[in-house]
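Encoded as structure tokens, the structure appears first; notes follow it.
The values are calculated or read from the model by the stated rules, or taken from the named source; none is laboratory data. Just so you know, these numbers come straight off a predicted model, no measurement behind them. Glycine gets a Cβ as well: all are built from the backbone with ideal geometry, and neighbour counts include every protein chain shown.
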Amino acid sequence: MDAKNQINSVAKALSVLEIIGKSEKELTLTEIARILDMHKSTVFRLLSTLENNGFVTRDNISGKYKLGLKILQLAGELLENIDLRKIARPVLERLVEDCNETVHLVVLDKNYIIYIDKVESCNTIRLYSRIGVQGFAHSTSAGKVMLAFLPERRLKNLILEAELPKRTPNTIIDYEVLMEHLAMVRKKGYAVDDIENEAGVRCVAAPVRNHLGQVVAAVSIAGPSERMTIDRIENSLCHKVMEAAEKISRLLGYSVPTN
């Protein structure tokens with residue numbers, strides 16, 4: 001909207017909310033008026049309106065203001081309505097253009113993965129994965145990277161109770177070995193399916209986090225093992241998939257820690 005079309009009183013109220021939200025401490029009426037360079041009477045009316053509608057609260061003793069629960073409620077509703085597939089799709093498409101391999105978006109359901117989106121590469125050799133299809137978590141890169149970041153107790157219980165079929169000669173089916181492998185995945189930040197789920201196919205995956213930092217999905221790159229060599233995965237593709245997963249995480253509200 002052009003500045004000429006905005007309602008000044010609404011714009012001022014939003015400025016008040018922004019100042020309070022960005023402040024590391026609660027603010028008094030005088031402090032807010034000074035920061036915004038507004039008359040105290042104007043700020044008082046704005047604060048009263050916002051308080052009456054639950055957007056800010058005032059401490060009865062100190063008289064200082066902070067954001068109200070209405071903000072949290074609206075933020076929660078926004079986050080609940082975020083369409084993961086819609087947000088991730090442009091990132092997945094760019095990743096395919098960058099690596100020219102098939103890319104998946106995957107979620108975890110107990111000890112299974114579910115493919116919720118897929119972007120095919122233009123290579124002649126295609127993969128048979130389909131949206132909505134289940135797969136085993138322990139034998140796939142996407143599944144392993146999501147398992148790795150589960151709370152420790154939940155992970156142990158899940159692995160102990162799970163069916164761990166040997167999909168290929170490389171599938172890890174021993175509990176202790178799998179737990180050690182997942183610990184390494186947590187350390188690296190990505191997981192590799194080294195022909196563990198399907199003959200002749202390798203994959204690499206990284207975790208997608210929500211605004212709370214919880215792993216809610218994974219992005220994977222998959223292709224024939226002759227193209228998806230371990231050297232290519234470790235020197236190039238692992239970085240690309242982690243960057244893509246991080247981009248999606250940011251779009252979901254996750255603040256990526258800085259070193």
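Quick notes on this structure:
- Among the candidates 248, 159, 173, 233, residue that is within 21 Å of residue 85 (Cβ to Cβ) and of a type outside the set (S, T, N, Q): 248
- Members of segment 20-39 found to be part of a helix (DSSP H, G or I) and either in contact with a Cys (Cβ under 8 Å, 6 or more places away or on another chain) or surrounded by 14 or more Cβ atoms within 10 Å (Cβ to Cβ) (or both), listed by number: 20, 29, 31, 32, 33, 35, 36
Each row is one residue, and each column tells you yes or no for (1) assigned to a loop (DSSP other than H, G, I, E, B); (2) at pLDDT 90 or above.
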residue: 13; (1), (2): no, yes
residue: 44; (1), (2): no, yes
residue: 50; (1), (2): no, yes
residue: 62; (1), (2): yes, yes
residue: 75; (1), (2): no, no
residue: 93; (1), (2): no, yes
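- Which listed residue, of 239, 211, is modelled with pLDDT of 95 or more and over 15 Å from residue 138 (Cβ atoms): 239
- Scanning segment 162-178 for residues being part of a helix (DSSP H, G or I) and surrounded by fewer than 17 Cβ atoms within 10 Å (Cβ to Cβ) gives a total of 3.
- Subset of segment 215-256 [in contact with a Phe, Trp or Tyr (Cβ under 6 Å, 6 or more places away or on another chain) and either part of a loop (DSSP other than H, G, I, E, B) or farther than 22 Å from residue 112 by Cα (or both)]: 238
- Residue count for segment 181-198, restricted to those that are assigned to a helix (DSSP H, G or I), among the hydrophobic types (A, V, I, L, M, F, W, C) and touching a residue at least 40 places away in the same chain (Cβ under 8 Å): 1.
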